[in-house]
Amino acid sequence: MTALRITGGRVYDPANGVDGEVRDVCLRDGKVVDALDEHATAIDARGKVVMPGGVDIHAHIAGPKVNAARRLAPEEHREDPFDRSAILRSGSGGMVPSTFVTGYRYALLGYTTVVEAATPPLAARLAGTCAEAVA
C-alpha cells in the first residue's frame, strides 16, 4: 500500500469546485482519500499548483509541418540531446523538440493526454507514439 501527502500546494480541481485553495492532497494506492496518518511520505508543494492530469485536446507535435520544422537547424538540436534509458526513448530538444522529447516534457508538466490535431492517416502511428510517451 502506497500513501502520499502533497502539502501546501494551490489546488485546482474544477470537478469538485476547488479553485486555487492552498491545501493538502492525500493519495492512497493512486486514489485521492480524505486523510492519511502522519507517517505518510510527503511532498512539499508550497508555491506550486496541484491539479488533476492535464489534457491538451489540440496540439501540433507530430503533424507533417512540425516534422518538417524538426529538420531545420540540426546543429541546434545537437545541443539538447535526450539519451535513451531503460524506460524512455532517445530524442533531441531545441526549438522544435523530437516527438518523444515533446511527450516527455508534457508529462513533466502534468499532462496525461495530448491530441495531435493535424495528423494525416499515414502519420498517425507517430502521433500515437507520442501519446504513449506522455502516458
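The values are calculated or read from the model by the stated rules, or taken from the named source; none is laboratory data. Just so it is clear, the model here is predicted, and its values are computed rather than measured. All Cβ positions, glycine included, derive from the backbone under ideal geometry; neighbour counts span all protein chains shown. When the accessible area is computed, the model is the full protein with side chains, heavy atoms only, and any ligands, DNA or RNA have been set aside. Shrake-Rupley method; radii C 1.70, N 1.55, O 1.52, S 1.80 Å.
Quick grid of which residues meet (1) open to solvent by less than 60 Å² (accessible area, probe 1.4 Å); (2) among the aromatic types (Phe, Trp, Tyr); (3) touching a strand residue (DSSP E or B) at 6+ places or on another chain (Cβ under 6 Å):
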{"residue": "Ala86", "(1), (2), (3)": "no, no, no"}
{"residue": "Val96", "(1), (2), (3)": "yes, no, no"}
{"residue": "Thr102", "(1), (2), (3)": "yes, no, no"}
{"residue": "Tyr106", "(1), (2), (3)": "yes, yes, yes"}
{"residue": "Leu109", "(1), (2), (3)": "no, no, no"}
{"residue": "Val115", "(1), (2), (3)": "no, no, yes"}
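The number of residues in the range 35-84 being surrounded by 14 or more Cβ atoms within 10 Å (Cβ to Cβ), of a type in the set (Gly, Ala, Ser) and touching a residue at least 60 places away in the same chain (Cβ under 8 Å) comes to 2. Here Gly47 fulfils each of the conditions (1) assigned to a helix (DSSP H, G or I); (2) within 27 Å of Leu4 (Cβ to Cβ) apart from (1). Does Gly8 satisfy the criteria of being small (Gly, Ala, Ser), surrounded by fewer than 14 Cβ atoms within 10 Å (Cβ to Cβ) and out of contact with any His (no Cβ under 7 Å at 6 or more places or on another chain)? It is false that Gly8 is small (Gly, Ala, Ser), surrounded by fewer than 14 Cβ atoms within 10 Å (Cβ to Cβ) and out of contact with any His (no Cβ under 7 Å at 6 or more places or on another chain). Among the residues of the range 21-32, those identified as closer than 10 Å to Leu4 by Cβ and hydrophobic (A, V, I, L, M, F, W, C) are Val25, Cys26, Leu27. Restricting the range 46-75 to residues that are modelled with pLDDT under 80 and touching a strand residue (DSSP E or B) at 6+ places or on another chain (Cβ under 7 Å) leaves a set whose member that is farthest from Phe100 (Cα to Cα) is Gly63. Screening the range 117-135 for residues that are exposed (fewer than 15 other Cβ atoms within 10 Å of the Cβ) and in a loop (DSSP other than H, G, I, E, B) and picking the one that is modelled with the highest pLDDT gives Ala117.
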